[in-house]
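Novice: Following this message is one structure expressed as structure tokens.
The values are calculated or read from the model by the stated rules, or taken from the named source; none is laboratory data. None of these values were measured; they are calculated from a predicted model. Here Cβ is always computed from backbone atoms with ideal geometry, including for glycine, and neighbour counts include all displayed protein chains.
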Amino acid sequence: MLASWRVIVVFAVVGLAGCQHLPSRAASWLGWEDAPERVASLDYDAMASLGALEGACLTLSRAYQQQQRLPREELENTLLPTCRTRISEAQAEREYLRLLDDLIAVAWQQVQAAKAEKARLAEERRQLEEAVDRSRELAEDYREEGEAEAEREQAERLAAAHIYPALSSVQDLPLAYAVGQPSSRSLKTFLACLEIAYPNQGYSVRYEGEDLTVLASEANMLHGNVTMETRFTRAWDTWVLRSLRVGEIVANTPRDRYTLANNLVSDQCP
């Protein structure tokens, strides 16, 4: 009889105060639980920062802030599992975005490196063209001092060029930029003109069959020393220029070879 009166008293208290205001022990006995402070080791501020504070997690957050109790069955079977799942999804999304940011950063660095390399090559080409322009200006100055004197000095320098003894075993024939189109210059005169315009530290010569390669090391240009490499093939009593390389600038087509070669020697070469 006494136990029955206790039950009646509890229900009367519940009716008057509501489950939210019952002592924790009594509320738990009736199937109600306090909203948890953390879910999956995260508080609600951390969930909001993660982007997971929505749905079940938002319901738990509001109940916790308002000190509300929730039905134990709904809490354990629905709200907590659903919130943990959302937290896991949000953590996976953040990790994916972090990896994506890393990939974008790497790709951006590669783009910047490619731009820097392109700018470096453009600057080297600009310096080479500047050196050619200055060489042309110097040649113009020589002509202004007197064409006859300039021609005499030029002939002396050509005769003293080190390329002649280096190619003593090679027959001197007209230079051609394409097969069957000889120019007014000979092979050795062209190379001597290059030597006069851009003094070097010595030659390396490879002569095999009809092919000739001449490497001038540390050719002195205004922007620094570079390697000059010229390759020729003997055809129809001419030496056809097949390739001309100055530093990293390479001319392989007939038009490019003609343009670069004439820009390099300018008016210094007869």
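Conditions tested, residue by residue: (1) touching a helix residue (DSSP H, G or I) at 6+ places or on another chain (Cβ under 7 Å); (2) assigned by TED's automatic domain parsing to the domain that holds residue 248; (3) closer than 30 Å to residue 248 by Cα.
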{"site": "35", "(1), (2), (3)": "yes, no, no"}
{"site": "47", "(1), (2), (3)": "yes, no, no"}
{"site": "67", "(1), (2), (3)": "no, no, no"}
{"site": "85", "(1), (2), (3)": "no, no, no"}
{"site": "98", "(1), (2), (3)": "no, no, no"}
{"site": "104", "(1), (2), (3)": "no, no, no"}
{"site": "107", "(1), (2), (3)": "no, no, yes"}
{"site": "110", "(1), (2), (3)": "no, no, yes"}
{"site": "113", "(1), (2), (3)": "no, no, yes"}
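Novice: Something else about it: Of (1) crowded, with 21+ Cβ neighbours inside 10 Å; (2) in contact with a helix residue (DSSP H, G or I) (Cβ under 9 Å, 6 or more places away or on another chain), residue 187 satisfies all except one. Which?
Specialist: So the condition that residue 187 fails would be (2).
Novice: Collect the residues in region 232-246 that are surrounded by 19 or more Cβ atoms within 10 Å (Cβ to Cβ) and more than 15 Å from residue 187 (Cβ to Cβ), keeping them in residue-number order.
Specialist: Answer for region 232-246, where residues must be surrounded by 19 or more Cβ atoms within 10 Å (Cβ to Cβ) and more than 15 Å from residue 187 (Cβ to Cβ): just 246.
Novice: Going by the conditions given, is residue 142 within 29 Å of residue 221 (Cα to Cα), more than 36 Å from the chain's Cα centre (by Cα), in a helix (DSSP H, G or I) and at pLDDT 90 or above?
Specialist: Answer is no for this residue.
Novice: Which numbered condition in (1) in contact (Cβ under 8 Å) with a residue 40 or more places away in the chain; (2) not assigned by TED's automatic domain parsing to the domain that holds residue 231 is the only one that residue 138 fails?
Specialist: It fails just one condition, (1).
Novice: Quick one: residue 168 ticks every box in (1) closer than 25 Å to residue 226 by Cβ; (2) part of a loop (DSSP other than H, G, I, E, B) except a single one, so which number is it?
Specialist: Status for residue 168: all satisfied but (1).
Novice: Could I ask something else about it? From 78, 85, grab the single residue that is β-branched (Val, Ile, Thr) and at pLDDT 95 or above.
Specialist: 85
Novice: Looking only at region 50-100, count every residue that is touching a residue at least 24 places away in the same chain (Cβ under 8 Å), outside any loop (DSSP other than H, G, I, E, B), surrounded by 15 or more Cβ atoms within 10 Å (Cβ to Cβ) and not hydroxyl-bearing (Ser, Thr, Tyr) and tell me the total.
Specialist: Total satisfying the criteria: 16.
Novice: With respect to residue 159, determine if the residue is loosely packed, with under 13 Cβ neighbours inside 10 Å, over 41 Å from the mean Cα position of the chain (by Cα), small (Gly, Ala, Ser) and more than 20 Å from residue 216 (Cα to Cα).
Specialist: no
Novice: Pairs only if they're at least six apart or on different chains, beta carbon under 6 angstrom, first in region 244-261 and more than 16 Å from residue 121 (Cβ to Cβ) and assigned by TED's automatic domain parsing to the domain that holds residue 198, second β-branched (Val, Ile, Thr) and outside any loop (DSSP other than H, G, I, E, B); list them, first residue then second.
Specialist: 244/230
Novice: Any idea which of (1) out of contact with any Leu (no Cβ under 9 Å at 6 or more places or on another chain); (2) among the hydroxyl-bearing types (Ser, Thr, Tyr); (3) in a strand (DSSP E or B) is the one residue 183 doesn't satisfy?
Specialist: Going through (1) out of contact with any Leu (no Cβ under 9 Å at 6 or more places or on another chain); (2) among the hydroxyl-bearing types (Ser, Thr, Tyr); (3) in a strand (DSSP E or B) one by one, residue 183 breaks only (1).
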